[in-house]
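Q: Encoded as structure tokens, here's the structure I'll be asking about.
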Amino acid sequence: MSDALSFRKMTAEDIEQVLKVEYAAYSHPWTRGIFLDGLQSYDCWLMFEGSQQVGHGVIQLILDEAHLLNITVKPESQGRGLGLRLLEHLMRRAGELGAGECFLEVRASNSSAYRLYERYGFNEIGRRRDYYPAVGGREDALVMACTLLD
């Protein structure tokens, strides 16, 4: 990582670029409508390397629990530790907003994301059968949880 990383809140003006990253990264990406709705209800962030947007993330807060809804690093920027930096930022934000624990779902086939969450301190606590749309059907989600540090 040559340039310093920075973070800022996502706005409606960012949605076009967010969608480019989202559609490049996922076979079943979030839609424009989901992101626009998310701006009203969730804590939505962008990650930049220098002036280039390299990722985004969305967390939901319900009382003292956070739910990581989306974390995305653009494909050409993956494999350099940016996902962990984005996750750290989002978990710090969740803690600042009063969350003591965070939950997430991850595709059972997404071993790199699973390892990232484990590395941060998430533990698998369950499975949601046929949770995600997948090519040719549905795919299970692994449910993970983590106690947030102060």
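The values are calculated or read from the model by the stated rules, or taken from the named source; none is laboratory data. Computed from a prediction, not measured in an experiment: that's the story for all the values here. FYI the Cβ positions are ideal-geometry reconstructions off the backbone, even for glycines, and counts take in every protein chain you see.
Q: Tell me, which residue of the stretch 95-132 that is of a type outside the set (A, V, I, L, M, F, W, C), assigned to a strand (DSSP E or B) and under 16 Å from the mean Cα position of the chain (by Cα) is nearest to ILE71 (Cα to Cα)? Spell out how you get there, then give the answer.
A: From the stretch 95-132, those of a type outside the set (A, V, I, L, M, F, W, C) are 95-96, 98, 100-101, 105, 107, 109-112, 114-115, 117-121, 123-124, 126-132; that's our starting set.
Checking which are assigned to a strand (DSSP E or B) leaves us with 101, 105, 107, 123-124, 126-132.
Subsequent filtering for residues that are under 16 Å from the mean Cα position of the chain (by Cα) retains 101, 105, 107, 132.
Numbers: GLU101: 17, GLU105: 11, ARG107: 13, TYR132: 16 Å.
Checking each candidate, the answer is GLU105.
Q: Out of all the residues in the stretch 103-111, is one or more closer than 19 Å to TYR23 by Cβ, crowded, with 18+ Cβ neighbours inside 10 Å and of a type outside the set (S, T, N, Q)?
A: Yes, the stretch 103-111 contains at least one residue that is closer than 19 Å to TYR23 by Cβ, crowded, with 18+ Cβ neighbours inside 10 Å and of a type outside the set (S, T, N, Q).
Q: Would you be able to say whether some residue in the stretch 62-72 is under 9 Å from the mean Cα position of the chain (by Cα) and of a type in the set (S, T, N, Q)?
A: yes
Q: Could you figure out which of (1) in contact (Cβ under 8 Å) with a residue 24 or more places away in the chain; (2) over 18 Å from ALA12 (Cβ atoms); (3) out of contact with any Phe, Trp or Tyr (no Cβ under 7 Å at 6 or more places or on another chain) isn't true of GLY79?
A: Evaluating GLY79 over (1) in contact (Cβ under 8 Å) with a residue 24 or more places away in the chain; (2) over 18 Å from ALA12 (Cβ atoms); (3) out of contact with any Phe, Trp or Tyr (no Cβ under 7 Å at 6 or more places or on another chain) leaves (1) as the failure.
Q: Condition first: in contact with an Asp or Glu (Cβ under 8 Å, 6 or more places away or on another chain), surrounded by 15 or more Cβ atoms within 10 Å (Cβ to Cβ), within 17 Å of TYR26 (Cβ to Cβ) and not aliphatic (A, V, I, L, M). Now tell me which residues in the stretch 115-143 satisfy that.
A: TYR131, TYR132, GLU139, ASP140
Q: May I ask you to verify whether GLY33 is part of a loop (DSSP other than H, G, I, E, B) and either at pLDDT 95 or above or on the phi > 0 side of the Ramachandran plot (or both)?
A: Numbers: part of a loop (DSSP other than H, G, I, E, B): no; either at pLDDT 95 or above or on the phi > 0 side of the Ramachandran plot (or both): yes.
Here the answer is no, as GLY33 does not meet what is asked.
Q: Only residues that are of a type in the set (Ser, Thr, Tyr) and surrounded by fewer than 17 Cβ atoms within 10 Å (Cβ to Cβ): list them for the stretch 15-62, please.
A: TYR23, TYR26, SER27, THR31, SER41, SER51
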